[in-house]
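Read the structure below first, then the notes.
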Amino acid sequence: MVADGRDTQVAVLYDQDCGVCTRTARAISRLDARRKRLRLVPFDAAQREGLARSLAPEEFLRSFHAVSGDRVVSGAEAIPVVLERLPFGSVPARLIRRSGALQRMVARGYGWVSKNRWRFGTCKCDRGGA
């Protein structure tokens, strides 16, 4: 988990060159517009700001990341962190965290989308890998 409290603002790092990632970031931003619990940060800005210094360059583009302080979670593991900060997202986040079967389903779904994101529109990412 990135942070203990759901009120702690979390930076969500995403690939600004990926259409799926950018559309998802916009949707998250709209859902979080009133609460401001999430800060959406494109990868290039995140690198300039020194966010997620613990990630190797090849890890950085592999998935999205949720960052709070020095703690970083990535990919499918970051989904509940983001969900719990969105309106009505705490119940799905709790269900995912408590169910190994749901965690595996989310991981498989995220992995498939991540590896195939170039198929869903504009993406400068490599084909077959995120």
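When you look at Arg39, is it more than 22 Å from Lys115 (Cα to Cα), in contact with a strand residue (DSSP E or B) (Cβ under 6 Å, 6 or more places away or on another chain) and charged (D, E, K, R), yes or no?
yes
Conditions first: (1) surrounded by fewer than 21 Cβ atoms within 10 Å (Cβ to Cβ); (2) over 28 Å from Arg119 (Cβ atoms); (3) of a type outside the set (A, V, I, L, M). Arg85 passes all but one, so which condition is the exception?
(1)
I'd like the residue in the stretch 42-67 that is polar (S, T, N, Q) and in contact with a strand residue (DSSP E or B) (Cβ under 7 Å, 6 or more places away or on another chain) and, out of all such residues, is farthest from Val113 (Cα to Cα).
Of everything passing the filter in the stretch 42-67, Ser54 is farthest from Val113 (Cα to Cα).
Based on what the data block shows, is Lys115 more than 28 Å from Gln9 (Cβ to Cβ), modelled with pLDDT under 90 and under 16 Å from the mean Cα position of the chain (by Cα)?
Taking the combined requirement at face value, the residue satisfies it.
Out of the residues in the stretch 61-78 that are among the hydrophobic types (A, V, I, L, M, F, W, C) and over 19 Å from Gly100 (Cβ atoms), state the one that is modelled with the lowest pLDDT.
Leu61
Suppose we filter Leu31, Leu40 for residues that are in contact with a helix residue (DSSP H, G or I) (Cβ under 6 Å, 6 or more places away or on another chain) and within 18 Å of Gln9 (Cα to Cα); which single one remains?
Just a single option satisfies the conditions, and that option is Leu40.
Report, by residue number, each residue of the stretch 69-79 that is part of a strand (DSSP E or B) and either without any contact (Cβ under 8 Å) to a residue 40 or more places away in the chain or of a type outside the set (Val, Ile, Thr) (or both).
Arg71, Ser74
The values are calculated or read from the model by the stated rules, or taken from the named source; none is laboratory data. Source: prediction; values computed, not measured. Note: ideal-geometry Cβ built from the backbone for every residue, glycine included; neighbour counts use all protein chains shown.
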